[in-house]
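The values are calculated or read from the model by the stated rules, or taken from the named source; none is laboratory data. Everything quoted here is computed from the prediction, not taken from an experiment. Here the Cβ positions follow ideal geometry from the backbone for every residue, glycine too, while neighbour counts run over all protein chains shown. Heavy atoms of the whole protein, side chains included, go into the accessibility calculation; ligands, DNA and RNA do not. Shrake-Rupley method; radii C 1.70, N 1.55, O 1.52, S 1.80 Å.
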Amino acid sequence: MKMRAWLLLPLVLASCGRREAELPADPIERAATCGVIAAAEARRASADVEAKLTLEQQGRILHYALLAGVEGGSFDKTRSAAVVNAMPLLGEKVTQGKWDRLIPRCEAAFPATKTGDVDLPSDPLDAQAGCQDLAAFFTTALRASEADYIDRIRVYDQMRRDLDPKLGATIRARGLTQKQGEAARDKALATIVQRGSPVAVLDACAKRFGAESGG
């Protein structure tokens with residue numbers, strides 16, 4: 001899955017525009033539009049529009065792509081990648097309108113983006129597979145700008161490695177075939193991306209499954 005390194009590019013914010021943009025009916029474009037709005041919010045909140053976004057801000061933007069990948073209780077990587085690819089194409093079009101009026105609509109359309117405490121799934125397979133695959137998605141998306149977040153990304157990468165033997169043992173204990181295991185992982189990722197912002201979830205994952213956790 002190829003991710004475009006667009007996340008750190010500054011968006012051109014414009015307050016002019018004769019017509020207020022609406023959230024698109026198409027689910028891919030809707031998620032991409034809300035991701036662009038999240039990026040615009042982050043830029044507006046910064047004193048320097050050229051400043052690098054924080055990891056948390058990057059996570060909030062990517063969360064819309066992750067949530068778009070959730071359909072029927074399973075995660076669709078193709079849909080999620082389509083949202084990431086659509087964001088830079090929609091960026092200028094969205095921000096030239098009165099994009100800030102769409103913030104409440106994005107919150108209503110994607111309630112899982114609201115901040116709050118993160119509870120990881122109680123099922124071991126859902127927690128282990130969800131944490132590992134979320135870390136893979138997130139770190140891959142930011143790999144081009146890894147140097148900006150190197151300490152945090154190293155923690156997530158290490159957590160992924162630490163989970164390899166644990167997850168393998170869990171899958172074997174349940175007697176799952178390779179195909180069943182892949183389906184279980186897609187379900188786990190769909191579950192965990194709805195638990196909160198990706199960075200907050202990954203921090204909870206690292207706390208539970210990292211090298212020093214003992215979990």
(message) Could you check region 139-157 and list, in sequence order, the residues that are open to solvent by 50 Å² or more (accessible area, probe 1.4 Å) and under 20 Å from Arg185 (Cβ atoms)?
(response) Thr140
(request) Could you please let me know if Ala32 is of a type outside the set (D, E, K, R), part of a helix (DSSP H, G or I) and either at pLDDT below 95 or under 19 Å from Ala108 (Cβ atoms) (or both)? (result) yes
(message) Any residue that is open to solvent by 30 Å² or more (accessible area, probe 1.4 Å), farther than 17 Å from Thr191 by Cα, of a type in the set (Val, Ile, Thr) and not in a helix (DSSP H, G or I) - is there at least one of those in region 36-49?
(response) yes
(message) Can you tell me which of (1) at pLDDT 90 or above; (2) under 26 Å from Tyr156 (Cα atoms) is the one Ile37 doesn't meet?
(response) (2)
(request) For region 126-138, enumerate the residues that are open to solvent by less than 10 Å² (accessible area, probe 1.4 Å), at pLDDT 95 or above and either more than 14 Å from Arg161 (Cα to Cα) or of a type in the set (Ser, Thr, Tyr) (or both). (result) Ala127
(request) Go through region 107-132 and count every residue that is farther than 28 Å from Ile153 by Cα and in contact with a helix residue (DSSP H, G or I) (Cβ under 6 Å, 6 or more places away or on another chain). (result) 0
